[in-house]
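No lab work stands behind these numbers, since they all come straight from the coordinates. Bear in mind that the values here come from a model prediction, so they are computed numbers and not experimental data. Glycine gets a Cβ as well: all are built from the backbone with ideal geometry, and neighbour counts include every protein chain shown.
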């Protein structure tokens, strides 16, 4: 799918002009949600490799990429992932993106996609969760990190203040009411040995972090009764290190939504692309 939109559109939401790009044409709309602080351009390699006919939507959260800062009246208050999911829902409405959506979220974006799908199930036709954040990990480190600045790496203090504690509580207290076709794509086992800031996760060793992160991916797969695909070699940034693998997962979910049939993964193809399907207790 070639990138058909060089310049983003901007839409005003609550005093912030949010940037949104449309790529390709067709239904459903596939909405890509970036990880903490990332520009939407991190999805370019995945979007370019999609084989199905669909409209890919990428966007930037406030204070990130090509979106404006949050108003100063909003920034100081920490808000959970459901707030960011609601902002995305409003952005799509204002932009005229209609019909059931396939949501693709990486890391923190995966938690936002989960919050969106549990609260607005009628708007979600499928999910691809790419190495989604462990909801509790940042609360159990020493010191804990109950609030994290989404825009810390780009425009500190100008973006969403992610309420980690509130998001974790929401995650625990909600369950999906519908089960759309879902694929969870996890980073490689042992990838945490490449962590750039191991001190952030103390007192956990990198072995312990790796094990609980993989359990979190399994939890997401079981929560949504989805398939779990583990990358052979890609680290946390699976969408950049193994974009063809992620694109294949998106293609499979989109194909299932178009046909109205059960999700089907070509395991031989996925192995060739650097991943393997792993068993879960909840996959149909």
### Query
Tell me, 130, 207, 75 in order of fewest to most beta-carbon neighbours within 10 Å?
207, 75, 130
### Query
Using a simple spin-label model with points 7 Å from Cα along the Cα→Cβ vector, what separation in nm is obtained for residue 152 and residue 98?
4.2
### Summary
Reduced to Cα centres, the span from the range 187-263 to the range 35-81 in Å works out to 19
### Query
Okay, helix-only estimate at 222 nm for the chain: each DSSP H run of n ≥ 4 adds -39500 (n - 2.57), divide by all residues, round to 500 deg cm²/dmol; what do you get?
-9000 deg cm²/dmol
### Query
Out of (i) 23.0, 102; (ii) 18.8, 63; (iii) 17.5, 52, which label holds the value of Rg and Dmax of the Cα atoms in Å that was computed here?
(iii)
#### Entry: Residues residue 269 and residue 7, FRET efficiency given R0 of 51 Å [Cβ-Cβ distance, rounded to 0.05]
0.90
### Query
What number, in percent, do you get for the relative contact order of the chain if the mean sequence gap of Cα pairs under 8 Å and at least 6 apart is divided by its residue count?
19
### Quotient of Cα Rg and 2.2 N^0.38 Å for the range 86-141, N being how many residues it contains
1.22
### Message
So for each of 10-22, 42-54, 234-246 I average, over its residues, the number of other beta carbons within 10 Å; can you give me the resulting order with the highest mean first?
### Response
234-246, 42-54, 10-22
#### Entry: Nearest-0.05 FRET efficiency for residue 142 and residue 48, computed from C-beta distance (R0 30 Å)
0.10
### Query
If we count other beta carbons within 10 Å of each Cβ, what is the order of 160, 190, fewest first?
190, 160
